[in-house]
Structure formats: C-alpha cells, structure tokens
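Encoded as structure tokens, the structure appears first; notes follow it.
The values are calculated or read from the model by the stated rules, or taken from the named source; none is laboratory data. Just so we're clear, the structure is a prediction, and the values are computed from it rather than from any experiment. When we count neighbours, we look across all protein chains shown, and the Cβ atoms used for this are built from the backbone with ideal geometry, even at glycine.
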Amino acid sequence: MNHRIRQSPTAQQSISNFLYPIDTLNPSRFPQHFLDFCRHSIEGVRGDLARAEPILRSGLTPDYDGESTLYLKAIGEDRLIPLEPAESNRPVVAVDTSTIKLGELEDGTLCALRGAIVRLEGGHYAYSRYGPLVFSLGNHSYQSLEEFGNLGVTPFAGETNVDNVLKRMRNVLERWLQFTASCTVRNGIILIDGSLTAGTPDNPAKEVERILDSARRAGSAVVAISKKTRLRIQNQSITDLLEHRPQACLLDVDDEVTDQFPPYPVRFLGRVFVVKLAKCGFPFRMDVDRQLSAQETLMSIRELTGTDIVDQGYPETLRIAHILSTFTASDVLAMQVFAAARFGVQLVPKIMLRRSLFGPFGTAWEAFH
Amino acid sequence: MGGFPLKILRKEGDSIHLLCFPREEVEKGDYLLVRDGLKDRALIVQIIDIQYANIPGILEDLLRDGISEFSLSGDDVDPLQVSSQIAVLKDTRLLLGKIRGAVEQGRLSRDVAWLPSRNHSQIEVMAPTFLTETLAAEHSFELGSTRRYPHIASDLSTLDGRLNIVTGRKGTGKSHLTKLLVTSLIKEGAPVVVLDINGEYVNLGRGPDGRQMHLSPKIIALIPGLNLRFSLNQVGLSTLLGTLTHALSLPDNSARVFARIWRELEDQNQLTMSALRSAIANSDCHESIKDALQARFNTLDDSGIFTDDQHTALNLEEVFRNHHDGCALVVNMKNQYAALRRITVELLISKLTELLSFQKLKALFLFAEEAHLYLRETYWDDIVTRMRHLGFFTTFVTNQPDTIQSSIYRQADNVFLFNFSNEHDLEIVSKLAKVDAETIKMIVRDLPPHNCLVIGDIVANFPLVIRVRPLEVQTLGATRHFFEKQVLAA
C-alpha cells in the first residue's frame, strides 16, 4: 500500500543548493540540513504507532536506467571492441546508496537511507559510509517541513507516493556522494550505480552535469554501470548481445539508443555501451561521460579492468559500495529500536490482512503485499 | 540490573527463554525473578545457558564486517548513532532458563503452573540467600560465594542422614570442598571417618604455614599397620571371614575350615596371631585348603594390621568416646597396595557398623575418596540401605564418575559437581534424580576451577553454582608441578 503525499507549495518553491554548499565537500561532514530533516521528520511522529515490516524487503522497486522500454535496431558484430586490461595507478572510486522502509506510520512511512563511497588506490580498498539516516515521509512531515525542499528534492508535478519521494531522497544523497567523490578524487575513475541519463524528474540534468564537470576538472572519468536496463534490441535485452561472447569486449550502442529519443527533456550525458568486463563475466550497460574522447573512454574502461577486480564482470569497488550501503535485517531491527528509543515511535507488528483472513492459504508472495 | 530490561521470549514446560541485552550481566547459574506486574507472584528461574540471540540478518552483517575487517579500512559517518543499536543487537543474548519454583506473597512456592505476562513482567536478579534461608540455621556453615553474593551459607544438618557425591575432573577442587565439609562437621561435633587414598587429609589440623591449629587435636591420622591395628578378639570371626572372602578371595570350603579353627582357638581362649598360624599349619584338612589358608594368613600377618598386643590395638569406641565433641579419623592409605586397602576398609567398616548397630556410636560421616579402589561390590547397595539406617552417612569423592554405581546417583541427596568436559562423564552425572540432565550438561561443562554446581538438600533443592570458599588449613591435595609456570588448562 502506498501513502499518497501531496505536494507542498513551500517545498516546491524552496529547491535548495544542497549539492553545492562548500561545507559538504568534506566527506567526513554530513550536510546539517539533511540531519535536521531526519530529526524533525521523526520528531513530528513522536508517539505514533509504526507497523513494522515483518520481513526485510527493499524499499523500492528495482532501479532501471531511467528510460522506458525501447526496441533498437540490430547491431553488426563488426562493431565489437575487444577489451584488454591496462595497468594504471588511477584511483577507482565507487558510490552506491540504499533505502528501506522500516514501517508504516499512521500518516506516512518510517524510512532509512545509507550511502557508501569506496576507493581503490595502491591495491587497497578504503571506504566512507554515511548513515543510516532514519526519517519519516508522509503528509504531515512533507507539508510542514521546509527542510524537505531544502534537501534538493525536485518538486513533483502532481500527487506522488512514498516510493517516489524516497527514491528522490536517495538520489539526493547519491548525488551528494558522487559530487563529493568528483571533487576530491584526482585523475580517477568514478563508478556510479545506474546510468548517466538525466533530465528526468528523479535525475535533473543540471545536477548530473555538475558532477561530470567537477570530475572533468579533476581529470577523472565518470563511468555508470547499470545492472538492469530496459533497452532492448530485437526483443532481447541489450546486455544479451554480449552474453555468449567468449572474451571481454565492448559494444557501442550509443547511436541506436540516442536516436530513439528527442533531444529534450531526456538527455544522455554519457555515451552508452554494452560491456563485458571479464571473460566469464556478466554483460552490463555502461555509460561513460560523453565529453571524453573515444580514446579516453576506451582507455578508462581498460584501466578499470586493469586496476580493479572485475569478478563476474562487475567492479569490486562498486560491489563493496553496494554491500556496505545495503540494509540487513538486523540493521532494520536496530533502526526500528532507534526510532522507538529516541523518538518514542511505538512499534507494533504489521497486520497481515491476507494471512489473517485466509490463514495458511494467504501465504507466499501475496501475504506480504 | 540497569539499562535495558530483560524480556520473556518463550516458555515451554519448565524451560523459559529470555532475551538479554549486552549491558545486562548475567551468567550461567544465576537466579532471576520473573515478577508478573499484574499478579502478586513471581517465577524463580535459573539460567543454565547463554547463547547469542538469533537476530535476522546477522549472517549478512557478520560477513560484511568480515570483509571490512580484513581487506577494507574506512570510516563510518553515523550522525544519528544508529550503529550503536546495531552493535547492541549483534550482542543480544538468549538466556536459557529453568523454572525452579515461585514466590507467592513473599514466600517460596513450588506452584509453577502459571504463565507470567510478557508485557507486564519485570525480571530482576535474585539473591540465592533467599532460596537457602528456608534451611535451618542451627548448624550453619559458609559454603562459599557466588559472583554477586560473597557469603552463601548452608546447614550441616542437610548432610545428616544423607548420601552425598563430590565429583569432577581432577584439579577442579573436589578435595578442597571435601576438606571444607570435613572440618565444618568436626567443628559442629560430628564424628567423621575419611578414607584418604592420597594422604592429603592428615594435616587438616595445621594451618597453611604448618602450625598446629585449634582443630589439630581432633584430627587423628591412622596408618594401617602402624597405629591402625586390630586384635583378633576385637575383629571377631564374622568380620575376619568377610575380609578373607571379600578382600582376599578365600573359597567357601576353606572359609568353613577357617571358621572351625577359629572356634577351637576361641574355646581355648587362645585367639592370637601366633596361635592361629600354628593351628592352620597343624590342621588335618586337605593340603590345598591348608595352602589357601596359609597364604591368606601370611597376607594378613604381613599387613601388620593385626596385633596380639591389646594395648596397641585401636579401640574405635574409646577414640570416639574421648572425642565426643567431634573428630576425624583420617585413614591414610597412601602408597598401600590394593589388598591392604581392601583389608583395612573391610575391617574398619565392619567395626564401625558394629559400633553403630550396638548404639555405641550415634551416627558417623564417612568420606570415601575413589571408593572403587577399595570398596567391594556388595557395599554399594549396603551404603544406601542398611548402613544408612544405622547412621552411616557416606560422601563419595571421585574424578571417575563411572566408578560410582548408577543407583547411587539416583539416590544421592546432595551432589557437588565440579567441571567435566567429557560427554561420557556428563552423561553419567546427568542421571541424578534431583535435577534435570540439561541443567547439569549446560552448567557443569563451563565451570571454572573451585566452582561447583551444588544440588540437593544442602541448597534447599535450588541448584546453585558456588565458588567454594578458601580453607584456613593446610591442604596437601593440590596437584604438584615440576615447572613453576603452568599453562592454564582449557
């Protein structure tokens, strides 16, 4: 069940410069207004009943690369580029974030957010993890808290739901981490989970452009890797194109993809590839900063495979960032306890309506939805 | 117990599971009171095991931590400090408890057929003194301490008329506890006999520095053949025949011949060792019987335990009469061969049984260390039936629990269990009737040295984990070492 959240005029008007305040460039410092938002949003539901989720499940639907399903033209095999790893001292930095819904409030949802930056340099992995940030989303908090708009969450065109707001909150944190990485890493390869498609309400082009710009000025290449894509060629996913290729290789599908879209509002800030980074790995969609030359792009990908571990075709830094940011069941439990202890949210088990009505016949998937 | 409250998770039969947060300090053996806020009653629960609570997602957490610890370094920016809650959850423990009783209107009760409220119950640590205060304090003695409570006392009358067992693997403190019991009984005026296989009780009257202490006159060390000697008159035919047949395996037909010889000498008033030797040598029985009798006689004679001099013979009745305010006869059997041990014990027990049956002795406490080395099979049943009724109250001390018959375990009134880690040993001691096997197995395997699980009347049938108090007497039983520094055994 989704809670509807009405848009607040205050929130609409006060789109902040969250991504750019100078004090946020220090990765050890978290933007204060983000923390304020968390505290205030839970303060607003003090004493509320929270129907805790009985099992761990993701707060959001699977993250696709932003586009609707597209059907592309066939691509000739002669366009395949073999990938040879190239040794490099360039640092590899990966960013990932996660969200989760902790429980349903009387007037909203208790949520949490966490992000991680992992840096590979000199053969050693190091990380900075941010969060968890626990906050509530709902009519009350959304309307009354100016901070919500100050976070940099883009306004909604009409009515929206918790899932969408949560997704945008996550994007805000992710962009902050990406921007922090792009400012602090010199001559590196910055890995992002997802795509460089911008211009959607979830992904404003201006913000992605600034991240890319900042990275370019620092001599870094931004590479986005998407585990799931809706792009299809001849009724199969574009990643299937490289599924049975015996070697690491790269396929440029940029023209096929971009030709399908008008120049506005969706903007492809990255050049789109299908890539198989390791011989026995899985193929992924990869977007590389469009302003890099073809040679720089290819070299960055080769250096990525020559520097990072690409077990199963997925860079280790990004895998670690994902592991560090995701929530386990005990994290969820701890955050529920935190909300109860610090803000007096009263936790009660969520009623399983179907299970209550149908007993053992209301089990399986439907029992949890 | 400040901090987080404990919570009832589950109850099944007499088992109860409690959730315990890391700040709570609870150990195996502790007693908790589960007080139902809606009723004026509480359950008495003893913790028998402590496990990690099965928190969902803990495997993923630990795997993630494992990755971080070995190949990653980094910082956690946790402005809301939620991670501390995660740490608390990871260390949340599950307490496995056994319901031992209840408290109703401030009094102990055995009515446990009710369920405390999960929501309204408060759980607090319970003082073991509350459990043992039902014991008569007439012959009070300090048994030791628990982790929280420095003085745990009991009453010696709970050993009176009882069958007791002290067992545990070597080096855990069995002898230390036995010495405490022996000295406490003597102080209360009880007659005690110690069958001392290692010669470690002989100095109970001396302080750690070797000086004689006030108990010294009450400790009578006896060495078979030296100051523990009997005359044939004292022993009597029946006792001696028993010794010959049970300790020295004399065949029945030879025993009949021996009885005839004995009666002839008795009629002639010539019951001496020298007369007995001549009578056997001159008897007109078959050569094989004569050989058998001569061989046994030589063994008895060589032992030095018989004397024809009435003045050097030990008069047990007189000894106890002279020490009517309590004493311990310590029979030092150190370095003695097996047959002599058996002869000594046969003679001694027969003589003591005789004194008790003729009311010449009110009652007697016998401490038998490693009794299987000298006690014959038929005595095991005798000890729990006939001898007990005569006033012969035995405490078995052993580090080999399988040497004590299972019937003894089932009928034991008090048991002091020190550490056992061997499954076979734990299986044997778990046959005790006074407490469930799960409690024994869970608690005993983790007991540190000098700590024991006390079960039975001596703790008002509320099993207690007790650290036995130090003794102010010289203890010779401690294991000797060649190297000064010892690696602590697990």
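A few points about this structure:
- For the range B:149-169, a tally of residues being assigned to a loop (DSSP other than H, G, I, E, B) and surrounded by 23 or more Cβ atoms within 10 Å (Cβ to Cβ) returns 2.
- Test: A:Gly103 is within 14 Å of chain B (Cβ to nearest Cβ), modelled with pLDDT under 85 and closer than 25 Å to A:Glu174 by Cβ: no
- Selection count, the range A:248-274, where residues are buried (at least 16 other Cβ atoms within 10 Å of the Cβ), out of contact with any Phe, Trp or Tyr (no Cβ under 8 Å at 6 or more places or on another chain) and not in a loop (DSSP other than H, G, I, E, B): 7
- When the residues of the range A:325-342 are filtered to those that are within 7 Å of chain B (Cβ to nearest Cβ) and of a type outside the set (Phe, Trp, Tyr), the one that is nearest to B:Lys90 (Cα to Cα) is A:Ser330.
- Among the numbered conditions (1) among the aliphatic types (A, V, I, L, M); (2) over 15 Å from A:Arg119 (Cα atoms); (3) assigned to a loop (DSSP other than H, G, I, E, B), the only one that A:Ile309 does not meet is (2).
- Residue among A:Arg129, A:Arg119, A:Arg114 that alone is within 8 Å of chain B (Cβ to nearest Cβ) and either in contact with a helix residue (DSSP H, G or I) (Cβ under 9 Å, 6 or more places away or on another chain) or under 30 Å from A:Glu316 (Cβ atoms) (or both): A:Arg129
- Checking B:Ser249, B:Ser254 one by one, the residue that is of a type outside the set (Asp, Glu), in contact with a helix residue (DSSP H, G or I) (Cβ under 9 Å, 6 or more places away or on another chain) and modelled with pLDDT under 90 is B:Ser249 and no other.
- Check on B:Ser15, within 24 Å of B:Val444 (Cβ to Cβ), surrounded by fewer than 17 Cβ atoms within 10 Å (Cβ to Cβ) and small (Gly, Ala, Ser): yes
- Of the set (1) more than 27 Å from B:Arg256 (Cα to Cα); (2) surrounded by fewer than 14 Cβ atoms within 10 Å (Cβ to Cβ), all apply to B:Asp291 but (1).
- Hits in the range A:179-196 (condition: among the β-branched types (Val, Ile, Thr) and surrounded by 24 or more Cβ atoms within 10 Å (Cβ to Cβ)): A:Thr180, A:Ile189, A:Ile190, A:Ile192
- So A:Thr239, is it among the hydroxyl-bearing types (Ser, Thr, Tyr), over 30 Å from A:Gly122 (Cβ atoms) and under 14 Å from the mean Cα position of the chain (by Cα): no
- Enumeration of residues in the range A:190-216 that are assigned to a helix (DSSP H, G or I), more than 13 Å from the chain's Cα centre (by Cα) and of a type outside the set (S, T, N, Q): A:Ala205, A:Lys206, A:Glu207, A:Glu209, A:Arg210, A:Ile211, A:Leu212, A:Asp213, A:Ala215, A:Arg216
- So A:Arg79, is it within 14 Å of chain B (Cβ to nearest Cβ) and of a type in the set (Lys, Arg): no
- For A:Thr328: the one exception among (1) hydroxyl-bearing (Ser, Thr, Tyr); (2) at pLDDT 90 or above; (3) more than 22 Å from A:Ala248 (Cβ to Cβ): (2)
- Failed condition for B:Ile223, given (1) farther than 22 Å from B:Tyr337 by Cβ; (2) modelled with pLDDT of 90 or more: (1)
- Some residue of the range A:318-332 being closer than 17 Å to A:Arg119 by Cβ, not hydroxyl-bearing (Ser, Thr, Tyr) and not in a helix (DSSP H, G or I): no
- Entirely in the range B:217-305, the helices (runs of 4 or more DSSP H) that have 2 or more residues that are within 30 Å of B:Asp325 (Cβ to Cβ): B:232-242
- Within the range B:226-243, the set of residues being farther than 17 Å from B:Arg263 by Cα and surrounded by fewer than 16 Cβ atoms within 10 Å (Cβ to Cβ) comprises B:Leu226, B:Asn227.
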